[in-house]
Amino acid sequence: MIELKDICKSYYGQGIENKVLRHIDFKIEAGEFVMLYGESGSGKTTLLNIIGLLDPCTSGQILLDGKNITNLAGDEQAKLRNQTFGYVFQSFYLIPELNVMENVCLPAGYAGKKKKEMARRADTLLQEVGLADKKKLRPSQLSGGEKQRVAIARALMNDPDIILADEPTGNLDSGNSGKIMTLLKKQHLQGKTIVMVTHDPEMDRYATRKIRMADGVLV
Ligand SMILES: Nc1ncnc2c1ncn2[C@@H]1O[C@H](COP(=O)(O)OP(=O)(O)OP(=O)(O)O)[C@@H](O)[C@H]1O
Ligand SMILES: [Mg+2]
């Protein structure tokens with residue numbers, strides 16, 4: 001489904017090259033639940049952002065179902081980001097001025113979906129993540145676990161094939177982590193491909209494959 005070929009990523013500061021990813025070759029099959037581990041600074045977030053087209057690589061290729069998506073035009077890239085990938089981050093990134101319902105609907109708005117259809121889907125998703133009664137609240141009125149569940153509902157709004165999750169339970173207690181993982185597991189069972197970064201060895205049991213990163217390479 002996704003194939004990374006010889007991916008390198010460097011950051012440059014004050015004339016010095018910092019090689020963050022070094023020649024990464026990596027294939028993810030449809031339906032896998034890949035758990036990505038590794039020390040802080042090893043390049044996990046960088047790799048996830050490159051897979052999800054949130055950040056460009058310095059060299060190498062990304063293939064999606066055999067098609068090279070490395071240097072797509074802006075609008076094609078935006079379409080993939082909106083419809084093929086769903087993103088869940090450690091710090092939620094909800095929009096504070098929008099209520100729960102509006103935050104969940106956001107990706108569908110970009111995709112040009114009809115209001116009624118959007119509301120119906122958002123209702124179903126909020127039901128599924130257990131927040132049907134909090135639709136009108138703002139993110140500031142929610143707990144961390146609730147915010148992350150809103151973020152997951154938002155990530156699922158356009159029914160993406162691939163879910164990229166960067167330490168989605170990193171800021172949560174074990175009860176809330178369990179809820180988030182139950183939701184992700186359900187998505188996996190429904191056939192979604194998931195790549196998740198975590199520091200928590202407890203998450204092993206959800207993975208179909210575990211990968212460790214060290215110093216910009218997969219080991
Ligand atoms: N925008 C940036 N500019 C310059 N350097 C960056 C940038 N983003 C990341 N880096 C560097 O790239 C390296 C890898 O960062 P990355 O965020 O991918 O690590 P990580 O494995 O996700 O770590 P953590 O577990 O702490 O989240 C770090 O050394 C970091 O300083
Ligand atoms: Mg990170």
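Since every read-out is calculated from the coordinates, none of them should be taken as a lab result. Remember, it's a predicted structure, so these values are computed and weren't measured experimentally. All Cβ positions, even for glycine, are placed from backbone atoms using ideal geometry, and neighbour counts span all protein chains on display.
Simple spin-label estimate for ALA214 and LYS67 gives 3.8 nm between the two label positions (7 Å along the Cα-to-Cβ direction from each Cα). Using the alpha-carbon atoms, what tilt in degrees (0 to 90, nearest 10) does helix 174-189 show relative to the longest principal axis of the chain? Relative to the chain, helix 174-189 is tipped by roughly 80 degrees. Calculate how many DSSP beta bridges within the chain are antiparallel, expressed in % of all such bridges and rounded to the nearest 5. Antiparallel bridges: around 50 percent, rounded to the nearest 5. Under the rule a/c < 1.5 gives rounded, and otherwise a/b versus b/c splits prolate from oblate, where does the range 174-219 land using the Cα gyration tensor? Oblate, because a/c is 1.5 or more while a/b does not exceed b/c. Counting 0.36 nm for each residue step from ASP75 to LYS136 and taking away their Cα separation leaves a gain of 18.8 nm. Note on ASP204 and GLU29: the extension gain reaches 61.2 nm, defined as 0.36 nm multiplied by sequence separation minus the Cα-Cα distance.
For the chain, modelled as a GNM whose springs connect Cα atoms under 10 angstrom apart, the maximal fluctuation among SER140, SER91, SER177 occurs at SER140.
Going through the cross-link list LYS135/LYS186; LYS79/LYS192; LYS44/LYS135, which pairs have a Cα-Cα distance over 24 Å in this structure? Distance filter (> 24 Å) returns LYS44/LYS135. Greater than 19 Å separation of Cα atoms is the criterion. Which listed pairs, LYS9/LYS67; LYS27/LYS210; LYS147/LYS210; LYS5/LYS67; LYS134/LYS179, meet it? Beyond 19 Å between Cα atoms: LYS9/LYS67; LYS147/LYS210. Which shape class applies to the chain: rounded if a/c is under 1.5, otherwise prolate when a/b exceeds b/c and oblate if not, where a ≥ b ≥ c are the square roots of the Cα gyration tensor eigenvalues? The shape class here is prolate. If you take the square roots of the eigenvalues of the alpha-carbon gyration tensor of the range 11-70 and sort them as a ≥ b ≥ c, do you get rounded (a/c under 1.5), prolate (a/b over b/c) or oblate? Oblate. Using just its DSSP H runs of length 4 or more, each adding -39500 (n - 2.57), the chain gives a mean residue ellipticity at 222 nm of -10000 deg cm²/dmol after division by all residues.
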